[in-house]
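Novice: Would you mind keeping the following structure in view while I ask a few things?
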Amino acid sequence: MTKSNLNATARHILEANDRGGYTVPNGRVYPFQWNWDSAFVALGFDRFDRNRAWTEIETLFRAQWDDGFLPHIVFWKDDPGYFPGPAVWGTAKNPVTSGITQPPVAASVVRKLWESARETPDAGTYVQRLQALFPKLLAWHRWFHQYRDPDRRGIVVAVHPWETGRDNSPEWDAPGEAIDVSGVGDYVRRDTSHLDAKMRPTKLEYDRYLALVQFGRATHWDHARIAAENPFRVADVGMSMILLRANRDLAALADELGKTDEGAEIRSWIDLAERGVGWLWNGEVQAWCSRDLQTGRSSGFITSASFLGFYAGLSDAKRDAAMRGHFDRIAGMVDFMMPSLDPADPGFQMIRYWRGPVWAVVNYMIGTGLYEAGDAMRAERVRGDTLALMEQNGFYEAYSPIDGTGSGGDDFSWTAAIWLAWAGGEQRT
Ligand code: GLC
């Protein structure tokens, strides 16, 4: 397909998945609003409909809880084709939402949206929308620092694999063993009726996911209790890097709006993270890895999230050189960067969720970080591979790093958005 055809297809996917103010990741498999999907989707909309881009984020924040928490799914309308649906989560909120969160990319996206709106005749309207969103973004980040960083290291502790957005990563296997699944009971999965079971989590993994939902629900989604007692507590390297980056972007927005006190508060979180994030460096494998809070053990897995240190704005000559070494080694093993798991790992599977496939949104963050770190060569490898995957295969949820085959859902919103905003680089019309 030509570039202009791909632009049209990508736009069409976003329009077709638009449910009126929010976009579903994929109509069949994911029929609700997802948190970080919506943020990335806004970047895509911004290339052809600025107002709609901002609305996507505003709709998401309409589901924010009073304590600042922003849920990973908003069930604006029920859909019997999805499990676990609103009744299983039982959060008793209006709108009904899940009780866990997702990687905080929204502030970074809002900064991008604002930078593209700032120089236009409509800047006055958008600065008002920015002013309305800013306290909500700040409240969410405060929530992370209050509830999800118990040792004050500036990192993010995930209480469910689904929070990390890398649902089925092997990083959660060992910490997941602590989860008691004996009381989970019977249930019918829906994911495997839409998608090939070979791509999806196993029954044991799914039991663990549900046991955690049941645990949260039994606390009535009391975030303090969940933070203290949840059977799964893992410092996620992905969310930690993403929050650090998002705090830098939020601080820039605070400056833009003249919010000095808020800016100072956000910068204190950045300082904390710059001092504390080294706890996630695994000296043995020489990479950034997640770490189980309960056992103190580092996962030792090199995943796509390991490469987000550049995106977080971290710089350390030795660590950066080690990560570049891993990059080059992996780049020599696959046709398409960046696999979600190191292909040298015996558990690498080219189509199973988060154990091999490439996600365009992760590539966008890795590529952006590399560009900003001055590594245009590796950044271009990531962006060029992302573009080739989409040109050759269309807009899938994820792709095999070996042969580019699409996996998961097709006509996928955030993949189309990344084409428009980054990989395909459509000009604003
Ligand atoms: C899968 C992904 C998650 C994403 C969701 C919707 O669950 O692991 O990151 O938000 O799909 O696209």
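Novice: Which of (1) over 20 Å from VAL157 (Cα atoms); (2) in contact with a Phe, Trp or Tyr (Cβ under 9 Å, 6 or more places away or on another chain) does PRO231 not meet, given it meets every other one?
Specialist: All conditions pass for PRO231, except number (1).
Novice: Can I ask one more? In this structure, does PRO80 turn out to be of a type outside the set (A, V, I, L, M, F, W, C) and at pLDDT 95 or above?
Specialist: Judged against the criteria, PRO80 is not a match.
Novice: Restricting region 403-426 to residues that are surrounded by fewer than 18 Cβ atoms within 10 Å (Cβ to Cβ) and in contact (Cβ under 8 Å) with a residue 60 or more places away in the chain, which is nearest to the ligand (Cβ to nearest atom)?
Specialist: This residue is ASP410.
Novice: Being farther than 23 Å from ASN363 by Cβ, more than 20 Å from the chain's Cα centre (by Cα) and not basic (Lys, Arg): is that true of GLY185 here?
Specialist: Yes; evaluated as a whole, the condition is true for this residue.
Novice: Taking the residues in region 293-304 that are in contact (Cβ under 8 Å) with a residue 40 or more places away in the chain and in a loop (DSSP other than H, G, I, E, B) as candidates, determine which candidate is surrounded by the most Cβ atoms within 10 Å (Cβ to Cβ).
Specialist: Of everything passing the filter in region 293-304, SER299 is surrounded by the most Cβ atoms within 10 Å (Cβ to Cβ).
Novice: Which one is surrounded by the fewest Cβ atoms within 10 Å (Cβ to Cβ) among residues in region 25-38 that are of a type outside the set (S, T, N, Q) and in contact with a helix residue (DSSP H, G or I) (Cβ under 6 Å, 6 or more places away or on another chain)?
Specialist: In this case the residue turns out to be ARG28.
Novice: Follow-up. Which condition breaks for GLN146 when tested against (1) under 20 Å from ALA252 (Cβ atoms); (2) of a type in the set (S, T, N, Q); (3) surrounded by fewer than 21 Cβ atoms within 10 Å (Cβ to Cβ)?
Specialist: Evaluating GLN146 over (1) under 20 Å from ALA252 (Cβ atoms); (2) of a type in the set (S, T, N, Q); (3) surrounded by fewer than 21 Cβ atoms within 10 Å (Cβ to Cβ) leaves (1) as the failure.
Novice: Next question. So which residues in region 278-292 are open to solvent by 40 Å² or more (accessible area, probe 1.4 Å) and of a type in the set (A, V, I, L, M)?
Specialist: The answer is VAL285, and nothing else.
Novice: Give the residue, chosen from HIS194, HIS160, that is within 13 Å of the ligand (Cβ to nearest atom), closer than 27 Å to ARG28 by Cβ and open to solvent by 60 Å² or more (accessible area, probe 1.4 Å).
Specialist: Only one candidate passes the filter, namely HIS194.
Novice: Which is in contact with a Phe, Trp or Tyr (Cβ under 7 Å, 6 or more places away or on another chain), of a type in the set (Gly, Ala, Ser), at pLDDT 95 or above and within 16 Å of the ligand (Cβ to nearest atom), of GLY165, GLY154?
Specialist: Values: GLY154 fails: within 16 Å of the ligand (Cβ to nearest atom).
Result of the check over GLY165, GLY154: GLY165.
Novice: Okay, moving on. Could you tell me whether region 347-363 includes any residue that is in contact (Cβ under 8 Å) with a residue 60 or more places away in the chain, among the small types (Gly, Ala, Ser) and within 16 Å of the ligand (Cβ to nearest atom)?
Specialist: Yes, some residue in region 347-363 is in contact (Cβ under 8 Å) with a residue 60 or more places away in the chain, among the small types (Gly, Ala, Ser) and within 16 Å of the ligand (Cβ to nearest atom).
Novice: Among the residues that make up region 232-254, is at least one of them open to solvent by 50 Å² or more (accessible area, probe 1.4 Å) and of a type outside the set (D, E, K, R)?
Specialist: no
Novice: Is it the case, given these coordinates, that GLY347 is out of contact with any Lys or Arg (no Cβ under 9 Å at 6 or more places or on another chain), at pLDDT 95 or above and more than 17 Å from TRP288 (Cβ to Cβ)?
Specialist: On the way: out of contact with any Lys or Arg (no Cβ under 9 Å at 6 or more places or on another chain): no; at pLDDT 95 or above: yes; more than 17 Å from TRP288 (Cβ to Cβ): yes.
No, not satisfied.
Novice: May I pose another question? Just one of TYR82, TYR126 is over 26 Å from SER240 (Cα atoms), among the hydroxyl-bearing types (Ser, Thr, Tyr) and open to solvent by less than 20 Å² (accessible area, probe 1.4 Å); which is it? Lay out the reasoning, then the answer.
Specialist: Values: TYR82 fails: open to solvent by less than 20 Å² (accessible area, probe 1.4 Å).
Step by step, each of TYR82, TYR126 is checked, and only TYR126 is over 26 Å from SER240 (Cα atoms), among the hydroxyl-bearing types (Ser, Thr, Tyr) and open to solvent by less than 20 Å² (accessible area, probe 1.4 Å).
Here is a yes/no grid of residues against (1) at pLDDT below 95; (2) open to solvent by 10 Å² or more (accessible area, probe 1.4 Å); (3) not in a loop (DSSP other than H, G, I, E, B):
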position	(1), (2), (3)
SER4	yes, yes, yes
PHE40	no, no, yes
GLY44	no, no, yes
ARG52	no, yes, yes
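Novice: Sticking with this structure for a sec: Quick one: count up the residues across region 92-121 that are farther than 20 Å from ASP167 by Cα and either open to solvent by 10 Å² or more (accessible area, probe 1.4 Å) or free of Cβ contacts under 8 Å to residues at least 60 places away in the same chain (or both).
Specialist: 15
Novice: Within region 176-188, does at least one residue satisfy the condition of being buried (at least 20 other Cβ atoms within 10 Å of the Cβ), touching a residue at least 40 places away in the same chain (Cβ under 8 Å), on the phi < 0 side of the Ramachandran plot and in a helix (DSSP H, G or I)?
Specialist: The answer is yes; a qualifying residue exists.
Novice: What is the one condition in (1) within 23 Å of ALA251 (Cα to Cα); (2) touching a residue at least 40 places away in the same chain (Cβ under 8 Å); (3) of a type in the set (Phe, Trp, Tyr) that TRP65 does not satisfy?
Specialist: (2)
The values are calculated or read from the model by the stated rules, or taken from the named source; none is laboratory data. Remember, it's a predicted structure, so these values are computed and weren't measured experimentally. When we count neighbours, we look across all protein chains shown, and the Cβ atoms used for this are built from the backbone with ideal geometry, even at glycine. What goes into the accessible areas is simple: the full protein's heavy atoms, side chains included, and nothing from ligands, DNA or RNA. Shrake-Rupley method; radii C 1.70, N 1.55, O 1.52, S 1.80 Å.
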